[in-house]
Amino acid sequence: MRKKTIRDIDVAGRRVFVRVDFNVPLDRGRITDDRRIVAALPTLTYLLDRGAALILASHLGRPKGPDPALRMDPIAARLGELLGRPVRKLPDCIGPEVAAVVHAMRPGDVVLLENVRFHPEEEANDPAFARALAALADVYVNDAFGTAHRAHASTAGIAAFLPAVAGLLMERELEVLGKVLDRPTPPLVVILGGKKVGDKIGVIRNLLRSAQTMLIGGGMCYTFLRAAGGRIGSSLCEEDKLGLARDLMDEARRRGAEVLLPVDILAVQRVVADAPVQTVDARAIPDGWIGVDIGPRTVAAFGTPVAGAGTVVWNGPMGVFEIPPFAGGTRAIARAVAESRAESVVGGGDTAAAVEQFGYAEKITHISTGGGASLEFMEGKTLPGVAVLQDV
Ligand code: ADP
Ligand code: MG
């Protein structure tokens, strides 16, 4: 279902409430990565160029009530620099003081409300709170794809009281992820890794409908290797998911999709940077050894389908990439995806971080800004923050 966006409405002279995702990492009050703020700029400048006044709202962290460490002030400052115009941080997100400032706003003005999660009513999706937020503006824009899987007051409830449309970032996420799900350019190659099988079952199931090849690495591959009869030493294994792993491999076979598991593994006895490593047969990991990355033969084996893919969807690192000696597999796969002519989509917070860190972000068609939200979208779920937007 296509959703209306800011391109479909007239915003001149109107107050526009934009739910953004400014949940950036902070280190003692300093922003350590401003990409989420940068990602919102196209929507904000589009609206400002057309004569809107902007009331911006986001959550930051997981406060339980007001928390001075999670105030939005550093974000307002950084946004002001990026926009090249003042961004006034308001002391709250509702109440008479906020209303007074907002009602005096002129086209081109920008205010940032205080952290919406300082009010428990936000996560409770309290209708009175949602109505109070809505009372500040004439139009609601949701550009926070990363929070769209949550039905909160500022992501969903508010849309009951205002015309609601998507921002440009949200639009692009829906377009690219939607295409990959509904009409991927074949062949579709899905690369899955990361920590837990349990987190990704829904994605595996849903993408198996259209995938030609599924490549499984990362912490989750050991459960599959074990389910396929391999010995995995002391590697991560979800004992309670062995049956499920077998079912998923059977389901893939029935659908004619190929599932490739690692053939070799980098193993250590302790997961520390200076541990001695050995490359071992993926189905004969010695007792006491722990798989921390895919090996070079696996990188080559995974590289072939990636090179021939029409579409690549990747979620989950191939190894413990945070520790440089165990990052080689993830780096090599990032490179293979970047070099492939396929339309490539990366989802998942850690996978996105890995691709950025290794310098391949520019060569990926789309890196989703939503961790949990992109996973739920790829599971085929309807995201509440999307469902409330007006249909075209
Ligand atoms: P994403 O955030 O991209 O969805 P996940 O959160 O599912 O990815 O998984 C990322 C985590 O998986 C990383 O912290 C990484 O260290 C971990 N991981 C990858 N391979 C292994 C492994 N072999 N053993 C333990 N943890 C692993
Ligand atoms: Mg993660």
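Points to keep in mind about this one:
- In the stretch 336-361, residue farthest from ligand 2 (Cβ to nearest atom) [restricted to those that are part of a loop (DSSP other than H, G, I, E, B) and of a type in the set (A, V, I, L, M, F, W, C)]: ALA342
- Residue in the stretch 288-319 that is farthest from the chain's Cα centre (by Cα), counting only those that are within 15 Å of PRO262 (Cα to Cα) and within 16 Å of ligand 2 (Cβ to nearest atom): GLY319
- Flag for LEU244 being surrounded by 15 or more Cβ atoms within 10 Å (Cβ to Cβ), within 29 Å of the chain's Cα centre (by Cα) and part of a helix (DSSP H, G or I): yes
- Within the stretch 247-283, restricting attention to residues that are surrounded by fewer than 17 Cβ atoms within 10 Å (Cβ to Cβ) and touching a Gly at 6+ places or on another chain (Cβ under 7 Å), the residue that is nearest to GLY229 (Cα to Cα) is THR279.
- The residue list ASP250, ASP274 contains one member that is in the same structural domain as GLY217 (by TED's automatic domain parsing), away from ligand 2 (no atom under 16 Å from the Cβ) and farther than 19 Å from GLY198 by Cβ, which is ASP274.
- Considering residues of the stretch 355-374 that are aliphatic (A, V, I, L, M) and either in contact with a Pro (Cβ under 8 Å, 6 or more places away or on another chain) or within 15 Å of GLY146 (Cβ to Cβ) (or both) only, the residue surrounded by the fewest Cβ atoms within 10 Å (Cβ to Cβ): ILE367
- Residue in the stretch 335-345 that is assigned by TED's automatic domain parsing to the domain that holds SER234, under 30 Å from LEU168 (Cβ atoms), modelled with pLDDT of 95 or more and within 13 Å of ligand 1 (Cβ to nearest atom) present: yes
- Which listed residue is assigned by TED's automatic domain parsing to the domain that holds LEU188, within 16 Å of ligand 1 (Cβ to nearest atom), of a type in the set (A, V, I, L, M) and in contact with a Pro (Cβ under 8 Å, 6 or more places away or on another chain), from VAL280, VAL263: VAL280
- Within the stretch 325-337, not a single residue is among the aliphatic types (A, V, I, L, M) and surrounded by fewer than 18 Cβ atoms within 10 Å (Cβ to Cβ).
Table: residues versus (1) within 12 Å of ligand 1 (Cβ to nearest atom); (2) free of Cβ contacts under 8 Å to residues at least 40 places away in the same chain; (3) out of contact with any helix residue (DSSP H, G or I) (no Cβ under 6 Å at 6 or more places or on another chain).
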site	(1), (2), (3)
ASP287	no, no, yes
ILE290	yes, no, yes
ARG297	no, yes, yes
ALA309	no, no, yes
PHE321	yes, yes, no
GLY348	yes, no, yes
ALA352	yes, yes, yes
ILE367	yes, yes, no
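- Matching residues, the stretch 215-241, being touching a strand residue (DSSP E or B) at 6+ places or on another chain (Cβ under 9 Å) and either free of Cβ contacts under 8 Å to residues at least 12 places away in the same chain or in a helix (DSSP H, G or I) (or both): CYS221, TYR222, THR223, PHE224, LEU225, ARG226
- Subset of the stretch 122-155 (residues that are part of a helix (DSSP H, G or I), of a type in the set (Asp, Glu) and crowded, with 22+ Cβ neighbours inside 10 Å): GLU122
The values are calculated or read from the model by the stated rules, or taken from the named source; none is laboratory data. For clarity, every value in this text was computed on a predicted model and none was experimentally measured. Positions of Cβ are generated from backbone atoms using ideal geometry, with glycine treated the same way; all protein chains shown enter the neighbour counts.
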